[in-house]
Each structure stands twice: as structure tokens, then as C-alpha cells.
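Participant: Can you read through this structure? Questions will come right after.
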Amino acid sequence: MHPVGFPDPFDRTLPPPQVVAVIPARYDATRLPGKSLADIAGRPMIEHVYRRAASARGVDAVVVATDDDRIAAAVKQFGGIAMMTRPTHRTGTDRIAEVAANLSCEIVLNVQGDEPLIEPEIVEAVIAPLASDPTLEMSTVCVAISDREDLANPNVVKVVRDVKGDALYFSRAPIPHFRDPGSGIRDPRSSNPTRPRSPIPDPCYKHIGLYGYRRTFLLKFAMLPQTPLERTESLEQLRAIEHGYRIHTVETKYDSIGVDTPEDLERVRRQLLAITART
């Protein structure tokens, strides 16, 4: 059985799912090889991600996209669904697109395989604008920055948005730049206007690397050539913006911890133990 009884989205004898979460996972991560299988509270990290994605409302199926037999075996052991993909993909999006080509769903979610504490509400936030706006092809989420170190950290991606919540630009640099340090104001687009005032002026947002796509757009997006800003910042979402496509961003109150280093892994282990102790 799958963790929440999901059917196999590749089974053509069943009605096709509308929303499929795909988790790209490879073994040879540069800074932390094998992190998808790292033990966290007795379960591999990929299982934590899978179960959290599966518990989000609106998700009809979850698939792990991998090129490694060890990861596929671990997923099948806990009752999940895995699809083997080519080992030559440049990005996780390309890997997801290979899986999407074999699906019949309307919406595909890109759920990062190294975020074992991702809140299901974040996944739901990505689905919502695609469900309500049939003209929208891509969505993502952001959270208000409250730590000045995050603002300066190039590993924390920032996003600036227009008055409708569509992304104007993503950057590893601290954006927007405040010419007057006291010029920050409450952002009227905030979906959480009651959150406490931050020492960081509004509107400064951290981008959370979770995406929703129309399946047809995802297949098109994966075929687009890389663009100058994408290569400069090493941020593939800029490819969509440079080619003129709209990315809608939803503000969430939830943050997420990506596991890129052994220190990140220990931090997640401690946080999960704290969560378990409270329940």
C-alpha cells in the first residue's frame, strides 16, 4: 500500500489523477551524496518528503523520479511509487518533465527531495492559484524574510513581485535594494498582514523552491533553451521569465529547510525530534 492509499498514476486502467507531485531525487548530490537515503528518525529522508507531499489536500498521486536503483528500492520498500529516469538530465525540472510525459494529469508539482520538513500547507498554496486561474501556467511560493543573514546569503534565493503577486525577478542578491534604510513599508499584497513586524523592511521575500506547472507548459518549459540570467544566477525559474512566461507567487507563513550539508541534516534531525516530542 502507498502511504495514503494513492493509486498508481501510470495505470491506464484507472481514471487519471489531476494533480501529481513529483519528487526528483538523485544519489550523487555534490555536497551531501546519498542524502535522499539519510536516516531521519528511523526513515530515509525521501520517505519524509513523500509522506508530507502525500498529506497535502488536492494531491492525487506522488511519484519519486530518480536515476538510482537504491533510491527506487527505498521508495518501493515504504510503499511509494518510483519511476526510473535518464541519468543525463541537467536539472530536476528536466527529470520531472520525463515523468510528466508519461502522465495524463492536468497539474504537476515539483517537490524538492531534500526538504523533509516541508509543510503540506505549502504544497496546497502552490496548487491553489493553478486551480483557480486556468490561464496560469506556473506557480510557486515565498515567505517574508526575517533574518538579515538570509537577506545577504546567496544560497537563500530572493524574489520580488508585482502588485498582483507575479514574480518580477529571482536573485541570489539581496533584492530589492533599499536606498533609504527606513523606506520599507507593509506590503499590501501580504496574505498574512497580522504577522509581527520584522527588522527586515517589506517587501523582502525568500523564495521556496516548490513549483506547480500545467503539465503541457512543463513539457514546453523543459525544451526551452537556457537563458543568460538563468546561467548567471544559476536559477532555472528565470528561464520562464526571460521567455516571457508568468510565474505567480503565493506568500506563506511557513518556511522550509533544504538539506544541502551535513550541518543541515543534523539541524533537521534535531527539529524533527523536537516536533515528535511535542506530539
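A short reminder: the numbers here are calculations on the coordinates, not readings from a lab. Predicted model, so just to flag it, every value in this text is computed and none were measured. Using ideal geometry, Cβ is built from the backbone for each residue, glycine included, and neighbour counts are taken over all protein chains shown.
Participant: Rank ILE107, PRO33, THR85 by how far each Cα sits towards the positive end of the charge dipole of segment 1-118 (+1 on Lys, Arg Cβ; -1 on Asp, Glu Cβ) and give me just the farthest.
Facilitator: Going by the Cα projections, it comes out as PRO33.
Participant: With the contact rule set at Cα under 8 Å and sequence spacing of 6 or more, what percent relative contact order holds for the chain? Walk me through the numbers on the way to the answer.
Facilitator: Working: 537 pairs, mean separation 59.9, N = 279.
Relative contact order for the chain comes out at 21 percent.
Participant: Hey, another quick one. Cα-based count: Lys pairs in the chain below 23 Å, eight or more positions apart or different chains?
Facilitator: Values: LYS35/LYS76; LYS158/LYS206; LYS158/LYS253; LYS164/LYS206; LYS164/LYS253; LYS206/LYS253.
Total qualifying Lys-Lys pairs in the chain comes to 6.
Participant: Report the normalised scattering of segment 137-181 as log10 I(q)/I(0) at q = 0.26, 0.27, 0.29, 0.34 Å⁻¹, calculated by the Debye formula with identical scatterers on the alpha carbons.
Facilitator: So the normalised log intensities are -1.08, -1.13, -1.22, -1.35.
Participant: How big is the C-alpha Rg of segment 89-149 next to the rule-of-thumb value 2.2 N^0.38 Å, as a ratio? Don't skip to the answer; put the middle values down first.
Facilitator: Numbers: Rg = 13.9 Å, N = 61, 2.2 N^0.38 = 10.5 Å.
Dividing the Cα radius of gyration by 2.2 N^0.38 Å gives 1.33.
Participant: Fully extended, how many nm does the chain gain between ALA173 and LEU273 (0.36 nm per residue separation, minus their Cα-Cα distance)?
Facilitator: Taking ALA173 through LEU273 to full extension adds about 32.7 nm, to one decimal.
Participant: A further question on this structure: Taking the Cα centre of the chain as origin, sum charge times position over the Cβ atoms of Lys and Arg (+1) and Asp and Glu (-1), and report the length of that vector in debye to the nearest 20.
Facilitator: Working: 35 positive and 37 negative charges, 52 e Å.
Computed charge dipole of the chain: roughly 240 debye.
Participant: Report the per residue volume, in Å³, of the convex hull enclosing the C-alpha atoms of the chain.
Facilitator: Numbers: hull volume 39.0 nm³, N = 279.
Expressed per residue, the convex hull around the Cα atoms of the chain is 140 Å³.
Participant: Separate question: Looking only at the chain, where both bridge partners belong to it, what percent of the DSSP beta bridges are antiparallel (to the nearest 5)?
Facilitator: Details: 20 of 37 bridges.
Within the chain, antiparallel bridges account for around 55 percent of the total.
Participant: Testing the spin-label approximation: label points 7 Å from Cα along Cα→Cβ at ARG90 and ASP39. State their distance in nm.
Facilitator: According to this spin-label approximation, the distance is 3.9 nm.
Participant: Also: Segment 1-118: D in µm²/s via Stokes-Einstein (Kirkwood Rh, Cα pairs, 10 °C, 1.306 mPa s)? Don't skip to the answer; put the middle values down first.
Facilitator: Numbers: Rh = 14.1 Å.
Estimated diffusion coefficient is 113 µm²/s.
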